[in-house]
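Note sheet for the following structure.
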Amino acid sequence: MAKSNRNNAEEPAKEAAKAKRVHRISGFKPFLYDAEEWDTKSPSQILKTTENGNRIDNKMYILQGDETPEQLMLWIKNYNDKINVALAPAARLTFLRRIVDKEAQTIVSNVETAFEGYSDAEDIDLIEDQTIRDEIRDDCPDDATIDAYFNAGNAAQKRKKITHIIRECMYHLKLKIFGNETLGRSSFIQLKRSIRNMKISPQLGVAAWSKRFDTFQLYLPMCLWDAGAKKGLYPTRYDEENCREILEYALSPVYLTKLHDDGWCLQSNTYVQSITKLKEIEPGILKQLKFVKEQLQQAKDIAELQKGKGKSSSTASSSSNRKQNGGEKRKRECDTCGKRHAGECWKLQNGGGNNGGRKGNNYNTFNKEAKQYMKAMFAKHTGASSDSSDSDDDEPWKKGLNQAEQMHVLASAGFDPSERNINFDPSDLKRYKKQAKRYFKG
């Protein structure tokens, strides 16, 4: 037998779908909503030195060039916090060389070589980082001063040049790891987009959202924004006003409704105060949503039983025996529906179509299992026994609704089935009834 090529044909399609799902733009690696850490088994280096009274004894991971954007941000933050603030520029560059490898090491080496080749004012445009070019022009007002800067002028200029080499290295490392040069140069904007698309919901709670937001706030100033730099604008964190706006935009309607009911205005309170308030009210919101979900599931279970999906074993057995005995073959043309079938017409049995049916329509017809299920469910909420009568209450809102639809209406309105004398707003009740009918239609 020839071997099927089905698997071979499916593999490229699976890979293409996976690539589209993870990175919609070719090569670009965005920040993810789930936090990413360095693997503790990643290559590392213990950096030790004592300089100007500052003692360094820290573990630094080795950057290789294939890390994720978040791993790069963590690596840069670690370098800035432990190395960049404590040592002189020459020592910082020395340590930088020790904590890069593979592609990252090539990038650092190329930047150093390029800087050493710059000799006059015309070479300033060869520097990729716009912020470095702006600083050189601010510090060196004429071409002669720029020439001195490139050709190892005084001690201050030497320190400044080494600092610029380190920053240019970081710039190129970011471009490499973000994976797409165009979007990498605007990674500040891409991260802001990710922040604004991150929503607070029962799946991503307030605490998790605020923690991730605070982390992204740390990364914003370290991202690239070339278009802004050309206009003198540089990446910064969100200010208080923007934090409030983003928080309000991130909230789902159920959170906003609860805040409104409590008289809480997001724009009149600080961002931190609003986060604290949301953490207080969230447990109640989640409890309410869980209750509604349970009621809808119960209503769905009743509807399935009502449609006869819970047939007894004796019914199923007799049906099977009937088929085996050839009962399916004794069919005749029906005078009611015009089709050929055995036994009594379904329209006469259940009131199908626009026909009321001689046995009454199936509006409130339940099989034995459905009735037992409903008795047990209502007993759970009212304390009644499973042998209690299943006669309907006389509450007017139940008019025109079967038991399953009644449960759907109660769940939609957030009422417990054990409550009595429930009052609905007429317009709300009309809407809930339509939703229930539509939910169980067919």
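Listed by first and then second residue, the pairs with beta-carbon distance under 9 Å, at least 6 apart or on different chains, first residue in segment 108-127 and touching a residue at least 60 places away in the same chain (Cβ under 8 Å) and assigned by TED's automatic domain parsing to the domain that holds Y171, second charged (D, E, K, R) and part of a helix (DSSP H, G or I), are V108/R97; V111/E168. Being over 21 Å from D34 (Cβ atoms) and β-branched (V, I, T) is the filter; apply it to segment 202-258 and report the residue that is surrounded by the most Cβ atoms within 10 Å (Cβ to Cβ). Top of the filtered list is V254. Going through segment 246-268 one residue at a time, which ones are out of contact with any Phe, Trp or Tyr (no Cβ under 7 Å at 6 or more places or on another chain) and either within 30 Å of W75 (Cβ to Cβ) or free of Cβ contacts under 8 Å to residues at least 12 places away in the same chain (or both)? P253, L256, T257, H260, D261, G263, C265, S268 - these are the residues of segment 246-268 that are out of contact with any Phe, Trp or Tyr (no Cβ under 7 Å at 6 or more places or on another chain) and either within 30 Å of W75 (Cβ to Cβ) or free of Cβ contacts under 8 Å to residues at least 12 places away in the same chain (or both). In summary, E135 fulfils each of the numbered conditions (1) in contact (Cβ under 8 Å) with a residue 60 or more places away in the chain; (2) more than 30 Å from S42 (Cβ to Cβ) with the single exception of condition (1).
Table: residues versus (1) more than 21 Å from I177 (Cα to Cα); (2) touching a Pro at 6+ places or on another chain (Cβ under 9 Å); (3) in the same structural domain as T163 (by TED's automatic domain parsing).
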residue	(1), (2), (3)
F28	no, no, no
K59	yes, no, yes
I62	no, yes, yes
D66	no, no, yes
E70	no, no, yes
I76	no, no, yes
L87	yes, no, yes
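Quick check on segment 170-177. Is at least one of its residues under 27 Å from I83 (Cβ atoms), touching a Cys at 6+ places or on another chain (Cβ under 9 Å) and surrounded by 19 or more Cβ atoms within 10 Å (Cβ to Cβ)? The answer is yes; a qualifying residue exists. Here's a check for you: in segment 69-87, which residue that is within 23 Å of Q157 (Cβ to Cβ) and part of a helix (DSSP H, G or I) is modelled with the highest pLDDT? Among them, the one singled out is N80.
Filter segment 68-103 for residues that are of a type in the set (D, E, K, R) and in contact with a helix residue (DSSP H, G or I) (Cβ under 6 Å, 6 or more places away or on another chain) and give the result. Residue satisfying the conditions is R92 alone. Quickly run through segment 261-293 and pick out the residues that are modelled with pLDDT of 85 or more, surrounded by fewer than 16 Cβ atoms within 10 Å (Cβ to Cβ) and charged (D, E, K, R). Matches in segment 261-293: D261, D262, K279, E280, K287, K290. Annotation: Y234 fulfils all but one of (1) assigned to a helix (DSSP H, G or I); (2) in contact with a Gly (Cβ under 9 Å, 6 or more places away or on another chain); the unmet one is (1). Scanning segment 137-158 for residues that are within 21 Å of T113 (Cα to Cα) and within 47 Å of the chain's Cα centre (by Cα) turns up nothing. Has segment 159-182 got any residue that is of a type in the set (A, V, I, L, M) and over 39 Å from the mean Cα position of the chain (by Cα)? Yes, there is a match, as at least one residue in segment 159-182 is of a type in the set (A, V, I, L, M) and over 39 Å from the mean Cα position of the chain (by Cα). Once segment 104-158 is narrowed to residues that are within 26 Å of P235 (Cβ to Cβ) and not in a helix (DSSP H, G or I), the residue that is modelled with the lowest pLDDT is C140.
Taking the numbered list (1) over 19 Å from K176 (Cβ atoms); (2) modelled with pLDDT of 90 or more; (3) of a type in the set (A, V, I, L, M, F, W, C) in turn, A16 passes all entries but (2).
Note on segment 88-103: residues that are assigned to a helix (DSSP H, G or I) and of a type in the set (A, V, I, L, M) total 4.
The values are calculated or read from the model by the stated rules, or taken from the named source; none is laboratory data. Just so it is clear, the structure is predicted and the values come from calculations on it, not from any experiment. Every residue, glycine as well, gets a Cβ built from its backbone with ideal geometry; the counts of neighbours run over all protein chains shown.
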